[in-house]
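Structure incoming, see below.
The values are calculated or read from the model by the stated rules, or taken from the named source; none is laboratory data. As the structure is a prediction and not an experimental result, all values here were calculated from the model. Quick reminder, even Gly has a Cβ in these numbers, built from the backbone with ideal geometry, and neighbours come from all protein chains shown.
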Amino acid sequence: MSVYLDHAATTPVRPESLNAYLEAQSHFGNPSSVHAQGRQTREILEQAREVLAEAVGCHRSEVIFTSGGTESDNQLIKGLYWSRQDRPRKYILSALTEHHALLDPIHWLEKHEGAQPVWLTVDKTGQPDFAQFQQLIEELGDEIALVSLMWVNNETGALIDLQKFSALAGQRNIPVHSDAVATFGHLPFKFSETGLTAMSISGHKLGAPIGIGASIIARSAKPVSLIHGGGQERGLRSGTMNYPLAMAFAQAASAAVSDQVEREHRLGAMRDRLERELLKTIPAVSKTISGPRIEHTASFLFPGAQSDSLLFLLDQKGLCVSAGSACQAGVLGASHVLLAMGYSEAEASSVLRISLGHSTTEADVDTFLGVIEEVYSTALRAGLNR
Ligand SMILES: Cc1ncc(COP(=O)(O)O)c(C=O)c1O
C-alpha cells in the first residue's frame, strides 16, 4: 500500500463529488439544446454554477467553467491583457515564483505581443516586495495592463498578503488576477471582498476529478476570448459544457469549503509534527520558507542530495511525494520557485515537498518519518557517485 503525501499535485476525489458526477451523468442532453432533455442538463449546469459561486463568494454570473487552472490562467492573462490594449499598456506585474501555467502565457505575450513583464523580487519568506510594487504602480501606473500574483504558492505553501497588492492596484483601476489554485478550498475568503478582478481555480486540487476548473471574473471585466464557437459561458469558453464535471466540482468545492478550517487545523498539527521530528532526526535538513504559509504543505532542503534521488528512493518504499510542482514530462530540474526566492542552483535541486490532504493520517506521517533518515543517507551516497 502506498502512502500518498502529494496532495498539492492532486488529491483523491471526494465521495460526494463522485456521487454528484454519476448522478448528473445519468441525465443525457446537450445543455444548449432547447428541448426538455437539454433544459434538464442546463439546469444541472446552472445549479453547479450557483453552488460553486456560493463556495467562492461571488455572483453566479462571475463563474466561467474551464478545464482547469492552466486554461483559466491562460484565458485570464491573455484575455485581460488584450482587453486593455485600447491604449498602450504593455506592462504586466508578476513574480517568477508563479506556476508555469501563469509564467508561460506571460512569456508568450512578451514574445508575440510586445508585452513587457516586470518581475517583483520575492524574499525567502515567499513575499513579493511591496515597496517595489508601490514604486512600479507610481512610475508605470497608466501603462500597466494587469497585475497577477498567486495567493498561495503551490511549492512552498507561502501565503502572501494579496489584498494589500490588490487594494493599491485597485486605486488606479488596474485589473488584478490571482492564481488561487492552491488557495481555494483551503483558505476561507469571499471573492467579492478580495479586490480581485479575476481568479483561477481548479477542481482536482480539492477533491473533484481532473479536468474541470473555473475562471472567476468580476462583471466589470471583459477579457477577450481565446476560444470561439457557440458562445457558451458568456462567450468566453465556447464548446458543449461538461455539466457532470461542473456538478462534481461544485460539490467537491462546497465540501472542501465547509470543512476547510477544521481540516487545515488538523493537517497543520500533523505537518508541524512531521517538521519537528524530521528536523530533530536530521539536523542538516531545513525548511525552505519562514513566514506566513498554508497549513498542509511542508518544503525542505536536503543539502547534498538530489531531489530526484530522494523521490525515487521514497517511491521505492511506497511513498509518493514531490520536489515542487509535478515535474514536466518527467524531467526534474532545479525548482524555479526556489531560484526566484534567491536560493542557489544546488539548493533548488535538493528540495522535497510534502503536502497533506483530506485523506492523510498520522500513520502516513509515521511511515515517512520511519524511512527518511535511511533514504537521505542513500541519496547522499548517490550524489557522491555522480
Ligand atoms: C498554483 C497552480 N496553478 C495552476 C495549476 C494548473 O492547474 P491544472 O492542473 O488544473 O491545470 C496548478 C497545478 O499544479 C497549480 O498548483
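Among the listed residues 369, 274, which satisfies the condition of being under 30 Å from residue 188 (Cα atoms) and at pLDDT 95 or above?
It is 274.
Per-residue answers, yes or no, for (1) in contact (Cβ under 8 Å) with a residue 40 or more places away in the chain; (2) in contact with a strand residue (DSSP E or B) (Cβ under 8 Å, 6 or more places away or on another chain):
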site	(1), (2)
59	yes, no
71	yes, yes
77	yes, yes
95	yes, yes
139	no, no
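Okay, moving on. Tally the residues that are part of a loop (DSSP other than H, G, I, E, B), in contact with a strand residue (DSSP E or B) (Cβ under 7 Å, 6 or more places away or on another chain) and more than 14 Å from the ligand (Cβ to nearest atom), restricting the search to segment 163-194.
2
Please verify whether residue 290 is in contact (Cβ under 8 Å) with a residue 40 or more places away in the chain, polar (S, T, N, Q) and not in a helix (DSSP H, G or I), treating the condition exactly as stated.
So residue 290 passes the test.
Sticking with this one: Looking at segment 342-372, which of the residues that are among the acidic types (Asp, Glu) and more than 17 Å from residue 5 (Cα to Cα) is surrounded by the fewest Cβ atoms within 10 Å (Cβ to Cβ)?
Filtering segment 342-372 for residues that are among the acidic types (Asp, Glu) and more than 17 Å from residue 5 (Cα to Cα), the one surrounded by the fewest Cβ atoms within 10 Å (Cβ to Cβ) comes out as 345.
If you don't mind, there's one more thing I want to ask. Specify which of the listed residues (149, 93, 76, 80) is more than 29 Å from residue 48 (Cα to Cα) and surrounded by 15 or more Cβ atoms within 10 Å (Cβ to Cβ).
One residue alone meets the criteria, 93.
With respect to residue 100, determine if the residue is within 15 Å of the ligand (Cβ to nearest atom) and modelled with pLDDT of 95 or more. Before you say what the answer is, go through the steps one by one.
Numbers: within 15 Å of the ligand (Cβ to nearest atom): yes; modelled with pLDDT of 95 or more: yes.
Criteria met by residue 100.
Can you report the number of residues in segment 54-107 which are outside any helix (DSSP H, G or I) and among the hydroxyl-bearing types (Ser, Thr, Tyr)? Full working, then the answer.
Restricting attention to segment 54-107, the residues satisfying the condition of being outside any helix (DSSP H, G or I) are 57-59, 63-68, 84-99.
Next, from what is left, pick out any that are among the hydroxyl-bearing types (Ser, Thr, Tyr): 66-67, 91, 94, 97.
Total satisfying the criteria: 5.
Then there is this: Right, residue 217: in contact (Cβ under 8 Å) with a residue 60 or more places away in the chain, farther than 30 Å from residue 370 by Cβ, surrounded by 15 or more Cβ atoms within 10 Å (Cβ to Cβ) and of a type in the set (Val, Ile, Thr) or not?
Considered against the rule, which asks whether it is in contact (Cβ under 8 Å) with a residue 60 or more places away in the chain, farther than 30 Å from residue 370 by Cβ, surrounded by 15 or more Cβ atoms within 10 Å (Cβ to Cβ) and of a type in the set (Val, Ile, Thr), residue 217 comes out as yes.
Only one of these conditions is not met by residue 299: (1) touching a residue at least 24 places away in the same chain (Cβ under 8 Å); (2) in contact with a strand residue (DSSP E or B) (Cβ under 6 Å, 6 or more places away or on another chain); (3) over 30 Å from residue 15 (Cα atoms). Which number is it?
(3)
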